[in-house]
Amino acid sequence: MKLTGAVAIVTGASSGIGRATALDLARQGASVALVARRQDRLDALVSEINEIGGTALAVPTDIADRAQAFAAVAATVERFGRLDMLINNAGLMILGRVQDADIDDWDRMIAINQQGLMAMTKAALPHLLDAARGDRQVADIVNVSSVAGRMTFPTAGPYSLTKFGVNGFTEALRQELAGQKVRVGVLEPGKVDTELDSHNNDEILAHIEENFGGFRMLDPQDIADGITFMVTRPAHAAIAELWAMPSAQA
């Protein structure tokens, strides 16, 4: 399904999966609102999208702040007049054993991975429902979760809590919107070569290197390909769940 004339919001668009997805959707013809905290990176990505003939809007936002999340959606609709796709990609992963953890880190993950995602969804939903009744006859929500949302391991307890929650929220919303032409799907990546690890301490980083340094990780583009696949299906077809892993990890 062509995306010409459609409008997408991508959260976490300043790097990694979000950046690759924004570029991909722009190449497919969508106008893209880039939502993240780092203004300089968003401005650079707007320029890059313009250079390939696309259209993008930088919307500097901390989605953990509910008011900012709602304002980002409002700014997008004010600029482009509609909203057809919401890609909830922004996320934070801070690993560590529960007994040693800083509870403030848990609060930060919950604020971004769950509350931010839900605020963006709540703000976007009326516009997505309007779009689904319009010319394209379909709209999309894609929530980027993690394999840690379907299995867990030591040091990942709080992070897995947030991603198991994303999976549950996504499935409930999918059922609520069934029949209203808003498709809701979740994509669960395995290990991807992004900045996600960078918030962890040296001990955790060494542990990650020990476990994942010996094989080829996924590239952000691999996940962007999956997201683009989900939102370009014909209007009668929906992808509810996509699990993408490095071959060596699977």
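Side notes on the structure shown:
- Under the combined filter of DSSP loop state and at most 10 neighbouring Cβ atoms within 10 Å, the stretch 68-144 retains none of its chymotrypsin sites (Phe, Trp or Tyr not before Pro).
- For the chain, the relative contact order works out to 20 percent when only alpha carbon pairs closer than 8 Å and six or more residues apart are counted.
- Most tightly packed first, judged by the mean number of other beta-carbon atoms within 10 Å of their residues, the peptides 143-149, 220-226 read 143-149, 220-226.
- Mean ellipticity per residue at 222 nm, deg cm²/dmol - from DSSP H runs of n ≥ 4 across the chain, formula -39500 (n - 2.57): -13500 deg cm²/dmol
- Max mean-square fluctuation residue, GNM over the chain, Cα-Cα springs under 10 Å, options GLY157, GLY53, GLY29: GLY53
- Mean Cβ count within 10 Å, highest first, over the residues of peptides 8-18, 187-197: 8-18, 187-197
A short reminder: the numbers here are calculations on the coordinates, not readings from a lab. Note that the structure is a prediction, hence the values are computed from the model and not measured. When we count neighbours, we look across all protein chains shown, and the Cβ atoms used for this are built from the backbone with ideal geometry, even at glycine.
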